[in-house]
Amino acid sequence: QVQLVESGGGLVQPGGSLRLSCAASGSIASIYSMGWYRQGPGKQRELVAGINLGGNINTADSVKGRFTISRDNAKNTVYLQMNSLKPEDTAVYYCNADLRRIGSFSSYVYWGQGTQVTVSS
């Protein structure tokens, strides 16, 4: 079994900050990449930022300069530091991980349950 558990969402005023965390647990052999997606009201799910095992980062233009993704490989955890939040950042944020389970030869993408981020005054 593999689980991804997100935390850190909530209500914040425009211009504020939040830090999301996502910890992967279970029978994990290797995590190749981890990332954050979001889905706003009436919108499709979109990539926010991703980071691979080598530390290479891909960030959406809409959050560049405001959001920072990082990971702790020893803890199988990915973080998303969100600064200068705007109302349009309001969404459910999901983390995912492309990982290989112990005893498996293939990798699969697993998803967390999502955490709500609301930016409002």
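Some points to look at:
- Every condition in (1) within 11 Å of the chain's Cα centre (by Cα); (2) surrounded by 14 or more Cβ atoms within 10 Å (Cβ to Cβ) holds for Ser7 except the one numbered (2).
- Residue, most open to solvent (accessible area, probe 1.4 Å), within region 58-69, restricted to residues that are assigned to a loop (DSSP other than H, G, I, E, B) and charged (D, E, K, R): Lys64
- Among the numbered conditions (1) over 15 Å from Gly8 (Cβ atoms); (2) surrounded by 13 or more Cβ atoms within 10 Å (Cβ to Cβ), the only one that Tyr79 does not meet is (1).
- Criterion (open to solvent by 60 Å² or more (accessible area, probe 1.4 Å) and part of a loop (DSSP other than H, G, I, E, B)) met by exactly one of Gly55, Gly15, Gly42: Gly42
- Test: residue in region 11-21 that is without any contact (Cβ under 8 Å) to a residue 12 or more places away in the chain and of a type in the set (A, V, I, L, M): no
- Within region 82-121, if we keep just the residues that are in a loop (DSSP other than H, G, I, E, B), under 19 Å from Ala24 (Cβ atoms) and of a type in the set (Gly, Ala, Ser), the residue that is most open to solvent (accessible area, probe 1.4 Å) turns out to be Gly103.
- Residue match in region 103-115 (condition: touching a residue at least 60 places away in the same chain (Cβ under 8 Å) and hydrophobic (A, V, I, L, M, F, W, C)): yes
- Any hit, region 22-32, residues being part of a loop (DSSP other than H, G, I, E, B) and surrounded by 13 or more Cβ atoms within 10 Å (Cβ to Cβ): no
The values are calculated or read from the model by the stated rules, or taken from the named source; none is laboratory data. Note that this is a predicted model, so its numbers are computed, not measured. We place every Cβ from the backbone using ideal geometry, glycine too, and count neighbours over all the protein chains shown. These accessible areas exclude ligands, DNA and RNA; they are computed on the full protein's heavy atoms, side chains included. Shrake-Rupley method; radii C 1.70, N 1.55, O 1.52, S 1.80 Å.
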